[in-house]
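Colleague: Before we start, here is the structure in question, set down as structure tokens.
The values are calculated or read from the model by the stated rules, or taken from the named source; none is laboratory data. The model shown is predicted, which means the values in this text are computed figures rather than measured ones. Note that we place each Cβ from the backbone using ideal geometry, even for glycine, and neighbour counts take in every protein chain shown. Just so you know, the surface numbers come from the protein's heavy atoms only, side chains and all, with ligands and any DNA or RNA stripped out. Shrake-Rupley method; radii C 1.70, N 1.55, O 1.52, S 1.80 Å.
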Amino acid sequence: MNRPEPLPPLAPPAGMGPLPVGRWFLLAGTAVALVFALGVTAILIALTQTQGARETLVDVIDPTALHTLEISTALQAQEGAIRGYGLTTEQQYFQDYRQGMADERAATGQIAALLPRLPDPSALRSRMDRLTAAAAAWRRDYAEKIAAAVPKVGANAVNRDLGKVNVERFNDVRAALADQQDLLNRLHDLGRDRLQKGWRTIYVAVAVLVGSLALAVIGCTLIVRYVVVLPVARLARQVRAVATGDFDRELGVERPAELRELSGHVDGMRRRIVSEWRASEEARQQFAEQAKELRRSNGELEQFAYVASHDLQEPLRKVASFSQMLEQRYADQLDDRARQYIAFAVDGAKRMQLLINDLLDFSRVGRVGGELAPVASEDALDRALRNLDALLTDVDATVTRDDDLPEVVGSTLLLSQLFQNLVGNAVKFRGSEPPRIHIGAERDGGMWEFHCSDNGIGVDAKYADRIFLIFQRLHPRDVYPGSGIGLALCRKIVEYHGGRIWLDGGEGAGATFRWTLPVVGDPDD
């Protein structure tokens, strides 16, 4: 069986060509990954900035404002304590004044430690310097003078002049505190704005991430729909149209690359199938015409068989009959040469009748004998041997067989004729000893292989093919009579049953013919 030629390669796509499905998803995944990376980076940067803003606000600005409030409280405590000390000369007030100074120094030291971490340390440092200078001027011009005058003058240390100085210098302190507090409030507001801005940035980045994920899902859905689902549906519609009879419908989708290649190959197969179908349709039409012609020819052959079996044989019988009557009536008037001529005419007529009968048998194979059915080969052999009983008895022939000859698929009439011809040939071409013939069979896959062996004169292997041709003889007619159709008829019968027949080229006297016949039922049983 010839294998069909492979389909030609597809034409390359124009331009960039359709992208494979994997490339579509790779591009979509790359875009989503890029957006995701940018969103994560923005979130990390916003978290870092927000963390810095929170630390600045909570750990620096707010403690600085608290320490500034402590300085204010300490200075007010000093002012009240030194005034009380000047009015009452009680030592407890002076101790409170000293404690206020200590608290002021402690708060100032805390602020000095926090100054480098402030957003604008120079501005707060200048205000701290102003506050420190104003507090020092107040203590120098008022508090220290009160403290020095109380041991000397007692309660008279506080007078109107020092009172004015106290008001002026402490107003400067209050102004410096207010200025520093305003600065810290502005820094607090800026830190709060930075913190809120950082949180807003985080919210926006998270929203972008969520949106990118949603877009990724939507994008993948669109890719699947427009790159896979719709092209597959379009290809399915095209295939369905072809399946319903529109064989000229071209198949093809442009994307993705895999479906384009698949549809191209399927369309190539469609074109090939349509082309071969049309060729087979033309061949079927030709076959139908040939079958019609063959039926006509078979009809003529049957008519010829009828003519051969009736119209031709009747004149031959007359020729033989009247020749014999001529010999009987005029025997005393005929010489030996005339009687020989009459014998030749009678023999020719009889041989012509035999030849016509053999040709009729040859032409009937496959047309006469009924349908093929399970047949017991033993029954067919017995029928053949009954037909040859007289011949076998005359030559003292012995025919043996295997114990159980198989059942085969065939025609009893034709198989009987097959056995009869093979056994008859074995008897005809016998040697000096009485004929001994053996029929056997053995299984060979889905066929039975039969053999017919004899002890006759045998057949030269170089004539193994020639002996199965019609009218082919290896011996003169006067030595071995016959028409030369017997083995040709055997081959036609065997081939009609789906088998083959051949001469076994084995060594030894005699000849062995082998042929195959189909097994009844499933060959695999």
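Colleague: Give the residues of region 467-503 that are open to solvent by 50 Å² or more (accessible area, probe 1.4 Å), in a loop (DSSP other than H, G, I, E, B) and either closer than 22 Å to LEU414 by Cβ or at pLDDT 80 or above (or both), sorted by residue number.
Modeller: Within region 467-503, LEU469, ILE470, PHE471, GLN472, GLY498, ARG500 meet the criteria.
Colleague: Also, quick follow-up: Consider ARG192 carefully, then state whether it is free of Cβ contacts under 8 Å to residues at least 40 places away in the same chain and either over 30 Å from LEU57 (Cβ atoms) or out of contact with any helix residue (DSSP H, G or I) (no Cβ under 6 Å at 6 or more places or on another chain) (or both).
Modeller: In short, no.
Colleague: Which of the residues spanning region 56-95 are open to solvent by 70 Å² or more (accessible area, probe 1.4 Å), modelled with pLDDT of 90 or more and either in contact with a Gly (Cβ under 8 Å, 6 or more places away or on another chain) or not hydroxyl-bearing (Ser, Thr, Tyr) (or both)?
Modeller: Residues satisfying the conditions are LEU66, LEU69, GLU70, GLN76, GLN92, GLN95.
Colleague: Next question, about the same structure. Based on this model, can you work out whether VAL253 counts as open to solvent by 20 Å² or more (accessible area, probe 1.4 Å) and within 30 Å of VAL32 (Cβ to Cβ)?
Modeller: So VAL253 fails the test.
Colleague: Any residue in region 65-93 that is at positive phi sitting within a Cβ distance under 6 Å of a residue that is modelled with pLDDT under 90? List the pairs, counting only those 6 or more apart or interchain.
Modeller: Once the first residue is at positive phi and sits in region 65-93, its partners that are modelled with pLDDT under 90 give THR89/VAL150; THR89/GLY154; THR89/ALA155.
Colleague: Just checking, does region 72-79 include any residue being closer than 21 Å to LEU187 by Cβ and assigned to a helix (DSSP H, G or I)?
Modeller: Yes, some residue in region 72-79 is closer than 21 Å to LEU187 by Cβ and assigned to a helix (DSSP H, G or I).
Colleague: Need the failing condition index for GLU433 against (1) at pLDDT below 85; (2) open to solvent by 70 Å² or more (accessible area, probe 1.4 Å); (3) more than 20 Å from ARG500 (Cβ to Cβ), just the number.
Modeller: (1)
Colleague: Can you tell me which residue within region 440-463, out of those that are open to solvent by less than 30 Å² (accessible area, probe 1.4 Å) and touching a Leu at 6+ places or on another chain (Cβ under 6 Å), is nearest to ILE501 (Cα to Cα)?
Modeller: CYS452
Colleague: Only one residue in VAL210, VAL253, VAL228 is under 23 Å from the mean Cα position of the chain (by Cα), without any contact (Cβ under 8 Å) to a residue 60 or more places away in the chain and closer than 30 Å to ALA31 by Cα, so which one is that?
Modeller: VAL253
Colleague: Further, regarding this structure: List the residue pairs whose Cβ atoms are under 6 Å apart, where the first residue sits in region 124-146 and is touching a residue at least 12 places away in the same chain (Cβ under 8 Å) and open to solvent by less than 10 Å² (accessible area, probe 1.4 Å), the second is among the charged types (D, E, K, R) and in a helix (DSSP H, G or I), and the two are 6 or more positions apart or on different chains.
Modeller: TRP138/ARG169; TYR142/ARG169
Colleague: Quick one: in region 147-168, of everything that is modelled with pLDDT under 85 and among the charged types (D, E, K, R), which residue is least open to solvent (accessible area, probe 1.4 Å)?
Modeller: Among those residues, the one meeting the criterion is ASP161.
Colleague: A further question on this structure: Does PRO4 qualify as being open to solvent by less than 90 Å² (accessible area, probe 1.4 Å), outside any helix (DSSP H, G or I), on the phi < 0 side of the Ramachandran plot and modelled with pLDDT under 75?
Modeller: Details: open to solvent by less than 90 Å² (accessible area, probe 1.4 Å): no; outside any helix (DSSP H, G or I): yes; on the phi < 0 side of the Ramachandran plot: yes; modelled with pLDDT under 75: yes.
No; evaluated as a whole, the condition is false for this residue.
Colleague: Does LEU183 meet the test of being more than 24 Å from GLY39 (Cα to Cα) and open to solvent by less than 50 Å² (accessible area, probe 1.4 Å)? Before you say what the answer is, go through the steps one by one.
Modeller: Working: more than 24 Å from GLY39 (Cα to Cα): yes; open to solvent by less than 50 Å² (accessible area, probe 1.4 Å): yes.
Yes; evaluated as a whole, the condition is true for this residue.
Colleague: Does ARG260 qualify as being farther than 30 Å from ALA46 by Cα, open to solvent by 70 Å² or more (accessible area, probe 1.4 Å) and not acidic (Asp, Glu)?
Modeller: For ARG260, the condition - farther than 30 Å from ALA46 by Cα, open to solvent by 70 Å² or more (accessible area, probe 1.4 Å) and not acidic (Asp, Glu) - is not met.
Colleague: Out of curiosity, is LEU213 in a helix (DSSP H, G or I), more than 30 Å from GLU258 (Cβ to Cβ) and of a type outside the set (Lys, Arg)? Outline the logic, then answer.
Modeller: Numbers: in a helix (DSSP H, G or I): yes; more than 30 Å from GLU258 (Cβ to Cβ): no; of a type outside the set (Lys, Arg): yes.
In short, no.
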